[in-house]
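Let me begin by presenting the structure, written as structure tokens, before commenting on it.
The values are calculated or read from the model by the stated rules, or taken from the named source; none is laboratory data. Here the structure is a predicted model, which is why all the values come from computation and not from measurement. Don't worry about glycine lacking a Cβ; one is built from the backbone with ideal geometry, like all the others, and counts go over all protein chains shown.
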Amino acid sequence: MYISTPRNIAPLDTILPDEPLLMMGAGPVPIPARVAAANSIVINHLGDTMSQIIEQVKSMSGYVFQTRSSRILGVAGPGSAAMEMAVANLIEPGDSCLCICNGFFSNRLAEMAERNGASVVRHLVAGNESVDVAAFENLLNTHCPRVVTIVQGETSNTVCNRGLADICQIARRHNCLVIVDAVCTLSTMLLNMDEWGIDAVITGGQKGLSSIPGVSLVAFSERAWEAISQRKTPMQHWCLDAKLADQFWYQKAYHYTAPVSGVLAIHEALRLICNESLPTRFTRHLRSSSALQAGIEAMGLTLFIEPQHRLNSVVGIKLPDGVEGPSLLHYMSSHYKVEISGSFGASIVRIGQMGEQCRAHNIFRTLHALGASLTSLGVNVDVPAGVSALEKSLQDFDKHAGYAAPAQGQFAAVSSN
Ligand SMILES: *Cc1c(COP(=O)(O)O)cnc(C)c1O
């Protein structure tokens, strides 16, 4: 006897919306046409074409991470798999680990460290703020951890650890291994892996890089690699074993069948970033996010995080009284075909400003959808004032800061080998 064919399976075109929704939430974000096209191709995972692509992915990643490390690995899996790869390879049972916890994702790093047998001290940063650098240094002196974990941007509550460069440099002086989660921030704002002394940088595909979900990158420093090479205990994870992954990424040998289409997609995403250049891309993100924030405030809404602690890559907005997050999201999606994100507990909604989300046409459409939906739900917001403030912010930005003379000298060029 066979289990019979399932009934009533609808073809995709009857399930998907007629017109794609504009993805303006906390990820996944819209992908450029070239990334989508690359993602539709399947090639031999061990052939010459693939090795050429792998070489280019590594050299472009070196630019995007700002590292000369030759330990940049791709991971078949979400950003969380990249987090797990960094944590599981660098932590051995009994290691002391200080985890800076600003919210949901930084807590996930702490949980992963615990599951890998570390003795974890969580520094819970209260009040939706960046971690305080002096407080961090005191903790280092008290606990002398071997490993420190931290997020650059805490997507869940839209807090940015503004002092990240100092934190990393201080941790390095204390001889700690520093793991930085840059899933939502990489290529949207400054991160200098080598200069800041970071030992592992984690990113995913579907946020800052504007690629697809499911293929991620981790960059290890040479120091981190030494620690991995000198492990006393074997890695529990076979798929996430960095030394096995190194065989594929650096020695053209088989580990597991790489997600070839997704690697092609991330290749194109990285190439677009290199063509744009980091300084221009950071400026585009700052210009777009600042204008969106100005528009939201001018409409009469309140941003969740104080300016000095605020993340630009994901913008958190307090829900006005009398509106439930899910009804607002549903209204925006069904009436205006714009998707934004709800929250992890706090009474906020979140709009992403990562990669392709940072285009003027996308932020105008999103701000209008937000304001018009709130109006329909009975909230008194001034949509014209918001749209006008958005436009004014863009114009002022071009007049004052502008795209003039990006500080190219600050960034190492892509290596040409
Ligand atoms: C999204 C996100 C993750 C997790 O990525 P997944 O692809 O959902 O596993 C981790 N850290 C941060 C900061 C994120 O924004």
- Message: So GLY300 passes all but one of these: (1) more than 18 Å from the chain's Cα centre (by Cα); (2) of a type outside the set (Ser, Thr, Tyr); (3) in the same structural domain as ARG162 (by TED's automatic domain parsing). Which condition number does it fail?
- Response: (3)
- Message: Can you tell me which residue is nearest to GLU268 (Cα to Cα) among those in segment 198-245 that are part of a loop (DSSP other than H, G, I, E, B) and of a type in the set (S, T, N, Q)?
- Response: SER211
- Message: For the list (1) closer than 30 Å to ALA38 by Cα; (2) in a loop (DSSP other than H, G, I, E, B); (3) not assigned by TED's automatic domain parsing to the domain that holds GLN66, I need the number of the one condition that THR283 fails.
- Response: (2)
- Message: Here is a check on your reading of the model: is ALA224 in contact with a strand residue (DSSP E or B) (Cβ under 9 Å, 6 or more places away or on another chain) and within 16 Å of the ligand (Cβ to nearest atom)?
- Response: no
- Note on the structure: Scanning segment 196-205 residue by residue, those within 12 Å of the ligand (Cβ to nearest atom) and surrounded by fewer than 24 Cβ atoms within 10 Å (Cβ to Cβ) turn out to be none
- Lone unmet requirement of (1) closer than 27 Å to ARG162 by Cα; (2) surrounded by fewer than 21 Cβ atoms within 10 Å (Cβ to Cβ); (3) among the aromatic types (Phe, Trp, Tyr) for PHE220: (2)
- Message: Need the failing condition index for ALA81 against (1) under 18 Å from LEU264 (Cα atoms); (2) out of contact with any helix residue (DSSP H, G or I) (no Cβ under 8 Å at 6 or more places or on another chain); (3) within 15 Å of the ligand (Cβ to nearest atom); (4) not aromatic (Phe, Trp, Tyr), just the number.
- Response: (1)
- Give the residue, chosen from VAL35, VAL75, VAL29, that is under 26 Å from the mean Cα position of the chain (by Cα) and part of a helix (DSSP H, G or I). VAL35
- Selection from segment 296-350 of residues that are more than 21 Å from VAL387 (Cα to Cα) and of a type in the set (Asp, Glu): GLU306, ASP321, GLU324
- Item | Filtered residues of segment 110-146 (kept if under 19 Å from ILE198 (Cβ atoms) and in contact with an Asp or Glu (Cβ under 6 Å, 6 or more places away or on another chain)) | MET112, ALA118, VAL133, ARG146
- Does ASN89 meet the test of being assigned to a helix (DSSP H, G or I), under 18 Å from MET235 (Cα atoms) and out of contact with any Lys or Arg (no Cβ under 6 Å at 6 or more places or on another chain)? yes
- Item | Among residues of segment 313-338, those that are part of a loop (DSSP other than H, G, I, E, B) and within 19 Å of LEU22 (Cβ to Cβ), counted | 2
- Cβ-Cβ below 8 Å, separation at least six or inter-chain, first residue in segment 258-285 and closer than 15 Å to MET354 by Cβ, second basic (Lys, Arg): which pairs? LEU272/ARG34; ILE273/ARG281; GLU276/ARG284
- Hey, which of the helices (runs of 4 or more DSSP H) in segment 102-195, taking only ones fully inside, have at least 3 residues that are surrounded by fewer than 19 Cβ atoms within 10 Å (Cβ to Cβ) and away from the ligand (no atom under 14 Å from the Cβ)? 133-143, 164-173
- Selection count where residues are assigned to a helix (DSSP H, G or I) and surrounded by 15 or more Cβ atoms within 10 Å (Cβ to Cβ), scope segment 361-387: 17
- Item | Condition check for SER51: within 16 Å of the ligand (Cβ to nearest atom) and either at pLDDT below 95 or of a type in the set (Ser, Thr, Tyr) (or both) | no
- Message: Take the conditions in the same structural domain as GLY204 (by TED's automatic domain parsing), without any contact (Cβ under 8 Å) to a residue 60 or more places away in the chain and under 30 Å from ALA227 (Cα atoms) and apply them to GLU92. Does it pass?
- Response: no
- In segment 227-250, is there at least one residue being surrounded by 24 or more Cβ atoms within 10 Å (Cβ to Cβ), within 30 Å of GLN353 (Cα to Cα) and not assigned by TED's automatic domain parsing to the domain that holds GLN357? no
